[in-house]
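Below: one structure, written as structure tokens.
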Number of protein chains: 2
Amino acid sequence: MSKSTAALVRAGGRAVDVVDFEAAVVDFFVDTAEVIGLPKSVAAIYGIVFAAPAPLSFAEISERLHLSKGSVSQGLKVLREIGALKEVSASVDRSERFAPDLELRALVTGFLRAKVQPHLKEGGGRLQALRAKAEKVDSLPLEHCRALRGRMDKLAAWHRKGRSVIPLITKFFG
Amino acid sequence: MSKSTAALVRAGGRAVDVVDFEAAVVDFFVDTAEVIGLPKSVAAIYGIVFAAPAPLSFAEISERLHLSKGSVSQGLKVLREIGALKEVSASVDRSERFAPDLELRALVTGFLRAKVQPHLKEGGGRLQALRAKAEKVDSLPLEHCRALRGRMDKLAAWHRKGRSVIPLITKFFG
DNA sequence: CCTGAAGTTCATTTAGGATTGAACAAAAGA
DNA sequence: TCTTTTGTTCAATCCTAAATGAACTTCAGG
């Protein structure tokens with residue numbers, strides 16, 4: 001299956017220069033994903049698909065990354081939720097194939113929608129509860145009680161501001 | 001040390017309503033910090049300081065959170081780097097006291113500067129290396145080689161875009 | 001110059017999220 | 001219907017980043 005070249009090849013018939021490149025791309029995405037708090041395996045899957053000029057099958061992803069079926073299955077699920085991968089149905093066999101979505105806008109909005117929005121939304125309710133607790137505090141000097149209420153106001157303002165920045169970012173990457 | 005109230009108190013003489021409020025605030029910050037990838041203890045420290053109407057000492061933070069001196073020391077270091085806390089020198093004794101910075105702008109820019117910028121900066125170099133590897137790949141059909149180079153261009157464009165959004169965000173929160 | 005309080009450092013331990021793998025489901029085809 | 005291939009689920013395991021705590025540094029007061 002290997003080309004008529006002197007280069008050493010790995011299982012699957014890929015040349016070392018290609019494997020080397022893939023590894024570097026995967027590393028890059030893994031390190032980047034760490035910043036935004038995505039699991040290594042998820043980043044690695046996106047990386048290996050990004051580094052492939054043609055769509056990859058489930059089995060190819062698992063082999064190239066030495067990752068269990070379980071990890072690949074869960075990782076693909078996350079990436080589909082974010083919208084980072086497109087499924088392309090291979091006419092070759094009956095397994096699905098995966099290609100990276102290359103639109104930064106889609107990646108950013110998908111990530112925000114799946115991983116940030118829920119927290120912001122839930123945070124609204126928690127903030128209400130927090131404010132209620134603050135109102136109940138009466139065993140402190142009046143001045144201090146007022147200070148606490150003031151902090152709750154701050155928190156609410158931060159939350160509003162946080163919510164309003166999302167569409168701005170989306171627009172910027174559009 | 002406790003007030004003339006029927007409320008149960010905890011070590012340190014704080015009333016249950018206050019302790020309850022503090023716990024809720026700390027929880028809120030801990031959960032929020034998870035999203036942006038800050039350690040629990042760091043978020044908890046900011047939370048307990050935020051929930052206190054007056055600046056807290058190192059010892060008070062450690063006691064109220066049941067956190068070791070080591071954790072408090074490291075946590076305060078991170079929060080100082082980000083600029084999330086101001087040190088106010090207490091005239092009372094010789095220990096420093098800590099108050100929260102309540103400017104959202106300062107928190108956001110501090111976080112970006114300390115935790116995001118370094119990655120973006122370092123990423124620039126890695127991208128160069130990645131591109132070099134892509135150039136070396138020649139054991140694939142020409143069409144595929146070209147596809148890989150195209151992806152590296154995409155990556156570089158993403159990186160530029162990512163860099164340029166930082167000042168925008170800073171400005172928005174200003 | 002001691003002494004002790006306040007805080008830092010860093011090797012070790014630990015908690016909890018990431019990964020595994022075996023059991024299970026779905027669906028094609030023989 | 002039975003088998004095979006493809007992928008999912010989830011309890012158990014593993015691993016790493018967070019937390020600990022003992023040794024160390026610093027500095028104020030006596």
What pairs come out if I take residues in segment A:13-37 that are more than 8 Å from every other protein chain (Cβ to nearest Cβ) and closer than 15 Å to A:L65 by Cβ and pair them with residues that are part of a helix (DSSP H, G or I) and away from DNA strand D (no atom under 16 Å from the Cβ) whose C-beta lies under 7 Å away, six or more apart or interchain? A:V26/A:G47; A:F29/A:G47; A:F29/A:F50; A:V30/A:G47
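Identify all residues within segment A:49-68 that are away from chain B (no Cβ under 12 Å), part of a helix (DSSP H, G or I) and either within 9 Å of DNA strand D (Cβ to nearest atom) or touching a strand residue (DSSP E or B) at 6+ places or on another chain (Cβ under 9 Å) (or both); write none if there are none.
Here is the first cut: in segment A:49-68, the ones away from chain B (no Cβ under 12 Å) are A:56-68.
Cutting the leftovers down to part of a helix (DSSP H, G or I) gives us A:58-65.
Passing the criteria: A:F58, A:A59, A:E60, A:I61, A:S62, A:R64.
So, in segment B:139-165, of the ones that are outside any helix (DSSP H, G or I) and within 7 Å of another protein chain (Cβ to nearest Cβ), which residue ends up surrounded by the most Cβ atoms within 10 Å (Cβ to Cβ)?
Initially, segment B:139-165 is screened for residues outside any helix (DSSP H, G or I), giving B:139-141.
Next cut, within 7 Å of another protein chain (Cβ to nearest Cβ) only: B:139-140.
Working: B:S139: 17, B:L140: 19.
Filtering segment B:139-165 for residues that are outside any helix (DSSP H, G or I) and within 7 Å of another protein chain (Cβ to nearest Cβ), the one surrounded by the most Cβ atoms within 10 Å (Cβ to Cβ) comes out as B:L140.
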One residue from A:V116, A:V108 being at the interface with chain B (Cβ under 8 Å from one of its Cβ atoms) and either touching a Cys at 6+ places or on another chain (Cβ under 7 Å) or in a helix (DSSP H, G or I) (or both): A:V116
Would you mind stating whether A:V108 is more than 16 Å from DNA strand C (Cβ to nearest atom) and farther than 26 Å from B:K161 by Cα? no
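Given the structure, is B:A106 closer than 18 Å to B:I36 by Cβ and either of a type in the set (S, T, Y) or at pLDDT 95 or above (or both)? Break it down into steps so the answer makes sense when it comes.
Numbers: closer than 18 Å to B:I36 by Cβ: yes; either of a type in the set (S, T, Y) or at pLDDT 95 or above (or both): yes.
In short, yes.
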All positions within segment A:79-96 that are closer than 14 Å to A:V49 by Cα and either within 11 Å of DNA strand D (Cβ to nearest atom) or in contact with a helix residue (DSSP H, G or I) (Cβ under 7 Å, 6 or more places away or on another chain) (or both): A:L79, A:R80, A:G83, A:A84, A:L85, A:E87, A:E96
Matching residues in segment A:69-95 - criterion: being surrounded by fewer than 18 Cβ atoms within 10 Å (Cβ to Cβ), more than 8 Å from DNA strand C (Cβ to nearest atom), of a type outside the set (S, T, Y) and not in a loop (DSSP other than H, G, I, E, B): A:K77, A:R80, A:E81, A:K86, A:E87, A:V88
Take segment B:12-38 and flag every residue that is under 15 Å from A:E135 (Cβ atoms) and touching a Gly at 6+ places or on another chain (Cβ under 7 Å). B:V25
Are there any pairs with C-beta distances below 6 angstrom linking a residue in segment B:69-82 that is more than 14 Å from chain A (Cβ to nearest Cβ) to a residue that is among the polar types (S, T, N, Q) and near DNA strand D (Cβ under 7 Å from one of its atoms), with the two at least 6 apart or on different chains, and if so which? B:S71/B:S41; B:G75/B:S41
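The values are calculated or read from the model by the stated rules, or taken from the named source; none is laboratory data. If you're wondering where the values come from, they're calculated on a predicted model, not measured in any experiment. Cβ atoms come from the backbone with ideal geometry, glycine included; neighbour counts cover every protein chain shown.
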